[in-house]
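K.L.:
Here it is, the structure in full.
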Amino acid sequence: MTLIKLLLSAENLKLSKFEAETLFRTKFKLKGKFASATISISEKKLLALCESSAMIKRAYVNDQKVWRFTQGRFVAREPQKKPKFHPAMLRPKLARLLINLSGAKKTLLDPFCGTGSILIEAAILGLKPTGSDIERKQVWYSMKNLEHYKLKAKLSQQDATELKYKTKFDAIVTDPPYGRSSTLAGKKVKDIYEKFFISSLQILKPKARVVLMYPSKLRFKIPKKLQKLASFDWYVHRSLTRRIIVLALA
């Protein structure tokens, strides 16, 4: 057994702790900015998990530093670096965080894929991502951005409120539309979210997670079959705080 100590990002310590617990599949004790646990893990596995994290800044084994994050490691995939841009693009660090909260082992679906930020990070992590969007142009944007980084994902044009897949997924990770710069296809935001949840129930594996982000002021109903595991607020600017919610199929 090894004493692991992690220095977490102070942007949101509870959120950082939840990400670490999902990645390491164990509970951590939080003290200040540090999370600690005594677990059985190889150094190779420890380093790989830290490297995949969005919120771990340093890692210690028995108080000896063994890893620290590389400054600017997401820079090459920032929105302005991608060939296809959209005002509502998700930044890579945040996309990585959402994926990590899902605990996906192999397959992942983003049914509001837009320009492919989540798909790109999922592919880098070695997952098999699938993406869809109601707008054909957005699907094409995803394809071009994935090609730019020499990554692959299954893509299709679909309405997220009427998902049609023959296979089931380990997780759904998504950033649904909510603003003027997003495509709503003439539908109300609340209706899109609620119908998406109902549609997703048919394509999730048992105990699969749904991770999504939305404006904290938005209100909608979640089906009883989806149990809320956690929620966290992420401050964006004065007029917008986004809420990250983690659900699990009961």
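The values are calculated or read from the model by the stated rules, or taken from the named source; none is laboratory data. Quick caveat: nothing in here was measured; it's all calculated off a predicted structure. Positions of Cβ are generated from backbone atoms using ideal geometry, with glycine treated the same way; all protein chains shown enter the neighbour counts.
K.L.:
Starting from residues that are more than 15 Å from Leu3 (Cα to Cα) and among the hydrophobic types (A, V, I, L, M, F, W, C), keep the ones in region 21-49 and report whichever is nearest to the chain's Cα centre (by Cα).
P.N.:
Per the criteria, the residue is Leu23.
K.L.:
Among the residues of region 131-154, write down those that are closer than 23 Å to Ala76 by Cα and buried (at least 20 other Cβ atoms within 10 Å of the Cβ).
P.N.:
Gly131, Gln138, Val139, Tyr141, Ser142, Asn145, Leu146, Ala153
K.L.:
State yes or no: is Val61 surrounded by 15 or more Cβ atoms within 10 Å (Cβ to Cβ) and of a type in the set (Val, Ile, Thr)? Step through it out loud before you land on a result.
P.N.:
Numbers: surrounded by 15 or more Cβ atoms within 10 Å (Cβ to Cβ): yes; of a type in the set (Val, Ile, Thr): yes.
For Val61, the condition - surrounded by 15 or more Cβ atoms within 10 Å (Cβ to Cβ) and of a type in the set (Val, Ile, Thr) - is met.
K.L.:
What is the number of the single condition among (1) among the aromatic types (Phe, Trp, Tyr); (2) modelled with pLDDT of 95 or more; (3) in the same structural domain as Lys128 (by TED's automatic domain parsing) that Phe34 does not meet?
P.N.:
Going through (1) among the aromatic types (Phe, Trp, Tyr); (2) modelled with pLDDT of 95 or more; (3) in the same structural domain as Lys128 (by TED's automatic domain parsing) one by one, Phe34 breaks only (3).
K.L.:
Can you tell me which residues in region 1-37 are closer than 12 Å to Ala54 by Cα, touching a Phe, Trp or Tyr at 6+ places or on another chain (Cβ under 8 Å) and part of a helix (DSSP H, G or I)?
P.N.:
Leu15, Lys17, Phe18, Ala20 - these are the residues of region 1-37 that are closer than 12 Å to Ala54 by Cα, touching a Phe, Trp or Tyr at 6+ places or on another chain (Cβ under 8 Å) and part of a helix (DSSP H, G or I).
K.L.:
Determine if region 225-245 includes at least one residue that is crowded, with 16+ Cβ neighbours inside 10 Å, over 19 Å from the mean Cα position of the chain (by Cα) and farther than 18 Å from Ala95 by Cβ.
P.N.:
Within region 225-245 (the criterion being crowded, with 16+ Cβ neighbours inside 10 Å, over 19 Å from the mean Cα position of the chain (by Cα) and farther than 18 Å from Ala95 by Cβ), the answer is no, since none of the residues qualifies.
K.L.:
Continuing with this model, one more query. Which condition number in (1) under 15 Å from the mean Cα position of the chain (by Cα); (2) without any contact (Cβ under 8 Å) to a residue 24 or more places away in the chain is the one that Ile99 fails?
P.N.:
Looking at each condition in turn, Ile99 falls short on (2).
K.L.:
When region 64-87 is examined, which residues are found to be more than 17 Å from Tyr149 (Cβ to Cβ) and surrounded by 19 or more Cβ atoms within 10 Å (Cβ to Cβ)?
P.N.:
Trp67
K.L.:
If you don't mind, another one. Taking Tyr165, is it part of a loop (DSSP other than H, G, I, E, B) and under 23 Å from Pro87 (Cα atoms)?
P.N.:
Criteria not met by Tyr165.
K.L.:
Residue under question is Leu109, and the condition is that it be surrounded by 21 or more Cβ atoms within 10 Å (Cβ to Cβ), within 15 Å of Leu204 (Cβ to Cβ) and touching a residue at least 40 places away in the same chain (Cβ under 8 Å); does it hold?
P.N.:
Judged against the criteria, Leu109 is a match.
K.L.:
Going by the conditions given, is Ser200 among the hydroxyl-bearing types (Ser, Thr, Tyr), outside any strand (DSSP E or B), out of contact with any Pro (no Cβ under 9 Å at 6 or more places or on another chain) and at pLDDT 95 or above? If you could, list the steps in order and put the result at the bottom.
P.N.:
Numbers: among the hydroxyl-bearing types (Ser, Thr, Tyr): yes; outside any strand (DSSP E or B): yes; out of contact with any Pro (no Cβ under 9 Å at 6 or more places or on another chain): no; at pLDDT 95 or above: yes.
Judged against the criteria, Ser200 is not a match.
K.L.:
So how many residues does region 114-145 have that are without any contact (Cβ under 8 Å) to a residue 60 or more places away in the chain and in contact with a strand residue (DSSP E or B) (Cβ under 8 Å, 6 or more places away or on another chain)?
P.N.:
Going through region 114-145 one residue at a time, the tally reaches 18.
K.L.:
Next question, about the same structure. Cβ contacts < 8 Å: first residue without any contact (Cβ under 8 Å) to a residue 40 or more places away in the chain, restricted to region 35-53; second residue small (Gly, Ala, Ser) and not in a helix (DSSP H, G or I), any location; separation 6+ or different chain. Result?
P.N.:
Final answer for the pair search is Leu47/Ala59.
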